[in-house]
Structures are given as C-alpha cells and as structure tokens.
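Here the structure comes first, spelled out in structure tokens, and everything after it is commentary.
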Amino acid sequence: MGEVQSGKTATYLGILNKALDYGYRVIVVIGGHTEDLRKQTQARFDTDLLGIDSETWDSAINNVAIRRVGVGETLGLSINLMTTVMHDFIRTRVRGGITVLTNETPTVFIIKKNAKLIENVKDYIKGQAGLGGKLDLPLIVIDDESDWGTPNTGGDTDPTSVNLAIRKLLAVSSRSSYL
C-alpha cells in the first residue's frame, strides 16, 4: 500500500527481479481494472524488467525486429511474453498456439483485473500441469490494482469473483506467492 507515485511499482519490479533469480518462472501481474492502466503497467515492465518493446514483439516476424529498451539495452533476458502494450492475454492470439512453460524461460502475463480473464490465464497454465494436476514451476502473482482491492468482501464460503479467481490461479502451481 502506498501513495500515488511513491515507488510501489519500482519496489515490486525489484522483488520480481529477485524472484527470477530464485527460480520463479511464471509471473502474472494484475495491472489495473482498465486497459489504460494495464497498458501503462506493461510499458513499465517492458523497460524495467523485460527489456523489450512489446509493441515490436506484437508485430515482429522474427527476433531481429524486436527492439530492446531500458534494461534490454545492456542485458538480454529470454522470456515468453504473453501480453503486449497493445494486447491483453487472449488465448487465440498466443504465438503458435501454445507457449510451453519451462524452467529455463520465464513466462510473463500482464492482465487487467477481471475474473474471467484471470480464469483464462489459470486455465492456460493449468493446461500445462503435470500428472499431479499442478504446475511444477514457481508462480508469483502481483496485484497492482490499488483502486479495486482484492481482499475478500464476500463471506468465507462466498468470496467475490475476482478474489476466488485469484485463489484458483494461485492453486495451479505447487509453489506460488502473492504480493
């Protein structure tokens, strides 16, 4: 929690860099309840964590056309990018159909705070779970939506739809964290 422009995003970007160092391979950031807020978060991630201009990722035919920005000008992070500045997560737009979640390459989703969208991401990740029904890769979910808090305002047996969707998302991995 914090005031506007108090460094919240910079703080959790630092935490995510450490999480990547510690082996987290699936990152889901809930970047706002509107597309404008999600785009703003995606653009910040492009420069400060991912190092690529996701607008060029969206239109690139090959990796040569992808423009490096921010940290990408000095570091080369290999990632599976599931969202871009122009597009939220849409299963039908994923390159080549399915991006395989692996221990070698982090996979990043920056999505709006919407129960159905969170469920779609959960279903996509769960589709790659092993025989135990849980993904064997560490998952971290960052909730950067301060205007629409996620604490459960429903009862214990009847949580709000967004709160329930986040709980289900966290449950798809054998090791998950929520911030």
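The values are calculated or read from the model by the stated rules, or taken from the named source; none is laboratory data. Bear in mind that the values here come from a model prediction, so they are computed numbers and not experimental data. Backbone-built Cβ (ideal geometry, glycine too); neighbour counts: all protein chains shown. To get the accessible areas, we keep the full protein, side chains included, count just its heavy atoms, and leave off ligands, DNA and RNA. Shrake-Rupley method; radii C 1.70, N 1.55, O 1.52, S 1.80 Å.
From (1) open to solvent by 40 Å² or more (accessible area, probe 1.4 Å); (2) at pLDDT 80 or above, pick out the condition that doesn't hold for Gly149.
(2)
Return the residues of the range 161-176 that are touching a residue at least 24 places away in the same chain (Cβ under 8 Å) and not small (Gly, Ala, Ser); say none if nothing qualifies.
Correct list: Val162, Leu164, Ile166, Lys168, Leu169, Leu170, Val172, Arg175.
Of all residues in the range 134-146, which are surrounded by fewer than 18 Cβ atoms within 10 Å (Cβ to Cβ) and within 16 Å of Asn103 (Cβ to Cβ)?
Residues satisfying the conditions are Lys134, Asp136.
Please determine, by comparing only the residues of the range 84-105 that are at pLDDT 65 or above and under 16 Å from Lys126 (Cα atoms), which one is nearest to the chain's Cα centre (by Cα).
Among those residues, the one meeting the criterion is Phe89.
Exactly one condition in (1) at pLDDT 85 or above; (2) among the aromatic types (Phe, Trp, Tyr); (3) open to solvent by less than 60 Å² (accessible area, probe 1.4 Å) is false for Tyr22; which is it?
The failed condition is (3).
What about Leu131, is it aliphatic (A, V, I, L, M) and either modelled with pLDDT under 80 or open to solvent by 30 Å² or more (accessible area, probe 1.4 Å) (or both)?
For Leu131, the condition - aliphatic (A, V, I, L, M) and either modelled with pLDDT under 80 or open to solvent by 30 Å² or more (accessible area, probe 1.4 Å) (or both) - is met.
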